[in-house]
Every structure is written in structure tokens, then in C-alpha cells.
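Reviewing the structure listed below.
FYI, it's all coordinate maths here, none of it is from the lab. Source: prediction; values computed, not measured. Ideal geometry is used to build each Cβ from the backbone, glycine not excepted, and the neighbour counts take in all protein chains shown.
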Protein chains: 2
Amino acid sequence: MRDAYHAELDAIGEGLVGIANLVGSAMARATSALLDADLDLAESVLGTHSRVEDLQRDLEDRAIAVLARQQPVATDLRVVVTSLRMSADLERCSALAQHVAKVAQRRYPEQAVPQDLRRTLLEMSQLAQRLMAQAADVLVTRDVEAAAQMEHDDDRIDELHRGIFQHLMDDRWHHGVETAVDVTLLGRYYERFADHAVSIARRMVYLVTGEHTDPAAP
Amino acid sequence: MRDAYHAELDAIGEGLVGIANLVGSAMARATSALLDADLDLAESVLGTHSRVEDLQRDLEDRAIAVLARQQPVATDLRVVVTSLRMSADLERCSALAQHVAKVAQRRYPEQAVPQDLRRTLLEMSQLAQRLMAQAADVLVTRDVEAAAQMEHDDDRIDELHRGIFQHLMDDRWHHGVETAVDVTLLGRYYERFADHAVSIARRMVYLVTGEHTDPAAP
């Protein structure tokens with residue numbers, strides 16, 4: 001009985017890692033769709049979101065079943081409850097990847113991102129993906145040190161995000177309001193995606209150490 | 001023992017209602033601060049957010065304590081788990097009210113919102129507050145019918161949100177890019193706030209009926 005129980009806890013953790021990988025990959029594809037104005041690729045990202053929602057519901061049902069049948073206490077209880085929260089973070093990330101894909105779709109066959117901001121958005125996307133991959137690793141390894149190192153990439157995302165606003169406010173901005181609106185939203189999507197990845201790692205640190213690494217972290 | 005248990009469940013529900021009221025009020029004050037360019041009021045909203053975070057952590061600790069000590073099953077278990085998710089929704093809403101206040105703060109003493117969009121943003125804010133008040137009521141009454149009626153206000157918010165984009169894309173837009181960026185973000189903050197309020201009501205409907213009212217709802 002005890003073994004089946006731990007197998008169920010492990011399955012929940014593996015489910016989270018699977019969704020994290022799927023969501024990281026969705027953001028990679030959404031960004032390619034955006035920067036290459038690739039409609040098919042954009043639409044494939046929209047399909048991924050409903051798959052993530054299905055996986056997420058399955059995972060939540062499984063977590064609730066474990067709570068009901070096994071009635072875990074102490075750390076195991078916190079692990080299951082935290083998994084539910086992480087699952088919600090991942091669902092939001094999937095929705096954010098979908099939002100990026102929708103900008104590509106709406107602007108097709110035009111380019112949504114002007115040349116002078118491509119590098120910034122590409123770097124934001126790559127950092128966001130890397131943070132999600134690191135969060136997935138932290139789910140497996142519970143490595144507090146690795147989780148702490150994610151803060152550096154998150155700071156860099158925030159710096160790039162501020163850079164976008166500075167660029168938009170520059171008197172030399174000549175891409176018009178529609179592009180300014182798209183870029184404003186895109187910047188926020190990547191920044192929120194990265195925040196969720198960092199939250200996942202912070203929640204794991206809290207499980208391991210009992211300490212919140214950021215006073216502002218929910 | 002059974003009575004203490006239900007008192008604990010009730011206290012969690014009351015805690016959620018309290019936070020929902022606080023968050024609705026924070027959005028009201030943030031919007032006043034925004035539309036009146038009132039720096040003191042904006043700063044008071046920033047103070048509310050840390051109070052919401054404290055309340056939210058207390059509530060989560062209490063929920064986890066109930067799970068550990070009382071080991072609820074069936075509906076009670078789902079109620080507690082759902083409370084944790086609702087608590088996360090409310091924390092996001094508080095952060096969104098804070099974001100609105102920060103726009104007011106950043107633009108002070110200037111007005112962030114041009115005259116021709118004041119009514120739209122005011123209506124979005126009022127609908128968002130009303131949705132939050134309705135969500136708080138649904139937490140108490142578990143009234144599925146009342147929850148369903150919230151979809152109408154949510155549709156109206158989405159319509160206003162689309163109207164903002166149309167307005168921004170209009171060739172007659174003459175408020176510049178900085179204001180376009182602010183208004184883009186503000187529109188999204190209100191729309192997300194409303195989404196979270198609707199999510200809370202939908203989760204309650206799912207608890208009562210066992211049916212998801214929106215296929216896309218997590």
C-alpha cells in the first residue's frame with residue numbers, strides 16, 4: 001500500500017514535469033511563429049493549449065484522489081497541495097504561449113515584431129524557455145541552489161522588459177500604435193511566463209527548506 | 001469534534017470572502033487614483049497588497065492544517081482544495097489592482113488616461129468590481145444561477161476591452177505611444193481581474209454541480 005502511495009506521488013510530479021516541458025516547447029513554437037510569421041505553427045500552439053488543459057485536469061483529479069485515499073500529512077501533504085498550485089502556474093503559461101501565437105495569427109501575413117525589437121523578444125523568449133526547463137529540473141532534483149540561480153535570468157527578463165518600454169517611449173519610435181500595442185502585450189506575456197516558472201521553483205524551495213525565498217512570492 | 005471541523009471549513013470560506021471584498025475595494029481605489037491622478041490613494045493600494053498576501057498565506061496554512069488534521073473526503077476535500085485555488089485567484093487580483101495603482105503613480109501628476117477613454121476604463125473597473133462582489137456572494141450562497149449571470153458582465157468587459165484596441169488602432173489616435181502602452185496594459189489588468197472573479201464563481205459551480213460551465217475553464 002505504501003509503495004502504491006509513493007508511486008502515485010511520483011506520478012503527480014512526473015505529470016508536472018511533462019506539462020512543464022510541453023509548455024516550454026509551446027512558447028518556443030509560439031515565438032518562432034511570431035518571428036517567422038508562420039500561421040501553421042501559430043495554430044499548432046493553439047492546439048497544444050487544450051491538451052495542456054486536459055493533462056492539467058487529469059493531474060488535479062489524481063492529486064485530489066491521493067488526498068482522499070491516502071490522506072497524506074506533513075511534507076507529503078504540502079507536496080500534493082503545492083503540485084496543484086504549480087499545475088495552475090503551468091496552465092497560465094500555456095495560455096500565455098497561446099496569446100503569443102494569437103498575435104502572430106492576427107498579424108499574419110505581416111510581421112508583428114519590428115526588426116529593432118526582434119532580438120529583445122527572442123532573448124526574452126529564450127530566457128523564459130530556459131527558466132521553464134530549469135523549473136522542470138528543480139521539480140525532479142529539488143535542488144535549492146539551482147532554483148536560486150534562476151533569479152538571475154528572471155532579473156535579465158525584467159531588464160529586457162523595461163528596455164522595451166524605453167524603446168517604445170523613444171521619440172524615434174516610428175512603427176505606429178498597433179505595433180506598440182502588440183509589443184507591449186508580448187513583453188508582458190514573456191515576463192509573466194518567466195514569473196510563473198520562477199514561482200514553481202520558489203514553491204519547491206519552500207517545500208524543501210520551509211523558507212520563502214521572496215517576501216513578495218505568493 | 002465534528003463541529004470544530006465545520007467551523008474551520010466555514011472560517012476558510014469567510015476568509016476568502018474577506019479577501020475578495022478587500023481586493024474589490026483595492027481595484028475601486030486604484031481606479032479612482034488612476035482617474036483622479038491621486039498619488040496618496042495610489043500608494044494606499046500598494047499597502048493593501050501586502051496585507052492581502054498575509055491574509056492569503058494565513059488562509060492557506062489554515063487550509064493545509066484542516067487537510068492534515070481532519071482529513072476531509074469527498075465534497076469537503078474538494079471545497080478545501082478549491083479554496084486554495086480561489087485564494088490564488090484573489091492574490092492575482094490584488095496584484096492587478098496594484099498594477100493599476102502603479103500606472104497612476106508612474107504618471108503622477110499627469111493623467112494616464114485620456115478623456116476619450118475614461119468612461120470605458122471606468123466601466124471596465126465597475127464591472128470588474130461588480131463581478132468580484134458577485135463572486136464573493138456566490139462563495140456564501142453557492143447560487144449557481146447567480147454565478148451564471150456573471151458571464152454577461154464578463155462578455156461586456158471583453159467587448160469594452162476590444163473597443164480599447166479599436167480606439168488605439170484608429171488613425172485619429174493622437175495621444176502618443178506612451179499613453180497607448182498604458183491603456184493597453186490597463187485594459188488587460190481589468191480584463192484579467194474580471195476573469196479571475198468569473199473563475200472563482202465557476203469553480204463554485206463545479207463544486208455544487210460537478211459540471212464545468214466553461215470548457216476552457218481550468
**Request:** Please grab the % of Cα pairs in region A:1-87 that end up more than 17 Å from each other.
**Result:** 52
**Asked** Considering only the other residues whose Cβ falls under 12 Å of the Cβ of A:Thr184, what net charge follows from Lys and Arg at +1 and Asp and Glu at -1?
**Response** -3
**Request:** Consider just the alpha-carbon atoms of chain A and return their Rg together with their Dmax, both in angstrom.
**Result:** 18.7, 68
**Prompt:** Taking a label point 7 Å from Cα toward Cβ, how far is A:Val208 from its twins in the other copies, in nm, shortest first?
**Reply:** 4.4
**Prompt:** What GluC sites (Glu not before Pro) in region B:100-167 are in a loop by DSSP, with at most 15 other Cβ atoms within 10 Å of the Cβ?
**Reply:** B:Glu110
**Fill in**
Assertion target for B:His49, B:His161, ordered by fewest C-beta neighbours within 10 angstrom first, is B:His161, B:His49
**Request:** Would you calculate the separation in nanometres between label points at B:Leu46 and A:Arg172, each defined as 7 Å from the Cα along the Cα-to-beta-carbon direction?
**Result:** 3.2
**Asked** What average number of partner chain Cβ atoms lie no more than 10 Å from the Cβ of the residues making up A:172-179?
**Response** 4
**Message:** Calculate the FRET efficiency for A:Leu35 and B:Asp3 from the Cβ-Cβ distance with a Förster distance of 45 Å, rounded to the nearest 0.05.
**Reply:** 0.15
**Request:** Evaluate the charge dipole of region A:1-63 about its Cα centre and quote only its size in Debye, nearest 20, assuming +1 on the Cβ of each Lys and Arg and -1 on the Cβ of each Asp and Glu.
**Result:** 120
**Item:** Using a 7 Å Cα-to-Cβ projection, B:Asp155 label spacings across copies, nm, ascending
**Value:** 4.9
**Message:** Over chain A, with a Gaussian network built from C-alpha contacts below 10 Å, which listed residue (A:Gln129, A:Gln56, A:Gln149) shows the highest mean-square fluctuation?
**Reply:** A:Gln149
**Message:** What does the net charge come to around A:Ser44 if you take all other residues with beta carbon closer than 10 Å to its beta carbon, with K and R at +1 and D and E at -1?
**Reply:** -2
**Prompt:** Taking the label point as lying 7 angstrom from Cα along the Cα-to-Cβ axis, what are the distances from B:Asp116 to the corresponding position in the remaining copies, in ascending order and in nanometres?
**Reply:** 2.5
**Complete:** Candidates B:Leu59, B:Leu185, B:Leu96; GNM for chain B (alpha-carbon contacts under 10 Å) flags as most fluctuating B:Leu185
**Request:** Using a Förster distance of 30 angstrom, determine the FRET efficiency expected from the C-beta separation of A:Ala11 and B:Arg142, and round it to 0.05.
**Result:** 0.40
**Request:** Using R₀ = 45 Å, calculate the FRET efficiency as 1/(1 + (r/R₀)^6) where r is the Cβ-Cβ separation of B:Val208 and B:Tyr108; round to 0.05.
**Result:** 0.50
**Request:** Tell me the Kirkwood hydrodynamic radius of the protein assembly as shown in angstroms, computed as one over the mean inverse distance between distinct C-alpha pairs.
**Result:** 22.4
**Item:** A:Gln149-B:Arg118 pseudo-label distance in nm [points 7 Å out on the Cα-to-Cβ vector]
**Value:** 5.4
**Request:** Please give the calculated 222 nm ellipticity per residue for chain A, where each DSSP H segment of at least 4 residues contributes -39500 (n - 2.57) and the sum is spread over every residue; nearest 500 deg cm²/dmol?
**Result:** -31500 deg cm²/dmol
**Message:** Taking the Cα centre as origin and putting +1 on Lys and Arg beta-carbons and -1 on Asp and Glu beta-carbons, what dipole magnitude results for chain B, to the nearest 20 debye?
**Reply:** 300
**Fill in**
Share (percent) of C-alpha pair distances in region A:106-218 greater than 21 Å works out to 43
**Item:** Student exercise, the protein assembly as shown dipole from Lys, Arg, Asp, Glu Cβ charges, in Debye to nearest 20
**Value:** 240
**Per DSSP, loop trypsin sites (Lys or Arg not before Pro) in region B:161-216 with at most 10 further Cβ within 10 Å** = B:Arg172
